[in-house]
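Please treat every number below as a calculation from the coordinates, not as lab data. Nothing here was measured: the structure is a model prediction, and the numbers come from that model. So basically every Cβ, Gly included, is an ideal-geometry build from the backbone, and we count neighbours across all protein chains shown.
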Amino acid sequence: MARLYPFLEFKKAWLIIPFLLLTIFVTSSNSQASSITASIGKPYRGSLENGIPFPSQFEGYTLRHVDRTYATPELIGAMLDAIEGVRQEFPGTCDIYLGDFSNPGGGPMFRHRSHQNGRDVDIGFYARGNRPLRSFIPMNRENLDVPKTWALMENILQSQRVQYIFIDQSIQNLLKDYALSQGGDPAYLDRLFSRTGIIRHIPNHRDHAHVRFFAPWSTMAAKVSASDEQKRKVIAMAQQAYLPKRVNYYVTGNEKNLAALARSFGVTTRDLSRWNNISGHDILTPGTVLAFYKRGFEIEHVHLAQSLRPDSVPEVAPSRLAALRSTRTVSDAPPPRGVTAERNRPQQPSVHNYTVRRGDTLYGIARAHGTSVKALRDLNGLKENSILRAGDKIKVARGNSAPTATPRAASNPIQKYKVVQGDTLYSISQRYGLTVAELARINSLGNNTVLRIGQELVVSKR
């Protein structure tokens, strides 16, 4: 599932961007660079330096032991994204139960052979009837919520930072059968669920999945000298991109209400109220400080870190190296190179409703309907950081031609896209309103194919 990015040697990178580094890190402290998380050794013989406890301020999950939730930023970012992905697809879903990660300093953990360097986590399954669990419960065909559990596995895999998922074969069979029933590619699923695939059988894993992530930056941190401040600052910057940041907002008195303010932040009213111990109906007093948590503010910093790839990751075949995924939100993603969104149509636009499907982005919907992201946002009163949820109804405008029921399937001339650094099958498919399976099939590729810079892909359905 992961892809390999071309590496830049550090000694060359420092010659290219020394001034840029000074600009970016003007407010960074040496203490921040010295406190980077380091994943040392192997998952079954290692340790964890400056491990980070899994955040407790968000909803969607229950933690078993707070003192056993220390992990690398890469793992934390992937898990938060995956859980939120399930919540978007299944609004109102119960919490998922999370077991052990690692001890604060890593090392041997009671009842575990691995979990020693911040890259492992035990994850419960979703039970039928939206029943929240407070422990690991053995699952079978009668009590496993297969659609939700498979959605969780899919979202974890989409992080492109997964090394292994260990699950009992009986649970694997249920997940694979469901994926096939939903149109999953048989060849891809055969590779995924196999003795040499990412999802592997481990006995007695009928009540939870053991997921092991790649942590390239944290692994590299263990190899960087304590005296090399510049490299450590780049690692710190990259690791911060995976983690939520606390942001303080000062009420001006011009806010419409708490719900509108929460939407502008890209968070739920429930979360904003919980974080600040207020009610959704409270009057906002000017000067009041509201705190919320957000990820993905420092986009350009993340892009810089993406150009400075870790040069080695233990135990990892190059084709499986996990890489930093951009934290750019769906609404501010730039058009792909060589493609300009259509902004002026000669026809009088007609407006109709479109139901958001899983995987949809504002860019993909806008492109499929021949409009721009800005026009789509303006038509629906959406903010730049608005999040689309499966099942949402939004208005779309297009020319006089009748809208198709499924914009992704609209007839388009063959269009090609040239791969640039940082691209993955997933990121490209999202830009063009395709699924990974569709993009791979169109180009006769496997779903986990490693892309090369300069490679041309067909990005329109034939």
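Need the C-alpha centroid separation for the range 117-137 versus the range 266-280, integer Å.
26 Å
In debye, nearest 20, what is the charge dipole magnitude of the range 10-218 about its Cα centre with +1 on Lys and Arg Cβ and -1 on Asp and Glu Cβ, if you could check?
For this selection, approximately 620 debye.
I'd like the trypsin sites (Lys or Arg not before Pro) in the range 227-277 restricted to DSSP loop residues with at most 15 other Cβ atoms within 10 Å, sorted by number.
Within the range 227-277, the qualifying trypsin sites (Lys or Arg not before Pro) (loop, at most 15 other Cβ atoms within 10 Å) are 256.
Long-range amide H contacts for residue 127: which residues qualify at under 5 Å (H placed 1.01 Å from N, peptide plane, sequence gap of 5 or more or a different chain)?
Here the answer is 145, since their amide H atoms fall under 5 Å of that of residue 127.
What ranking do 452, 206, 161, 87 get, fewest neighbouring Cβ atoms within 10 angstrom at the top?
Lowest count first: 452, 206, 87, 161.
Name the residue farthest towards the positive end of the dipole of the range 10-218 from the options 160, 93, 37, assuming +1 on Cβ of Lys and Arg, -1 on Cβ of Asp and Glu, about the Cα centre.
After comparing all options, I get 37.
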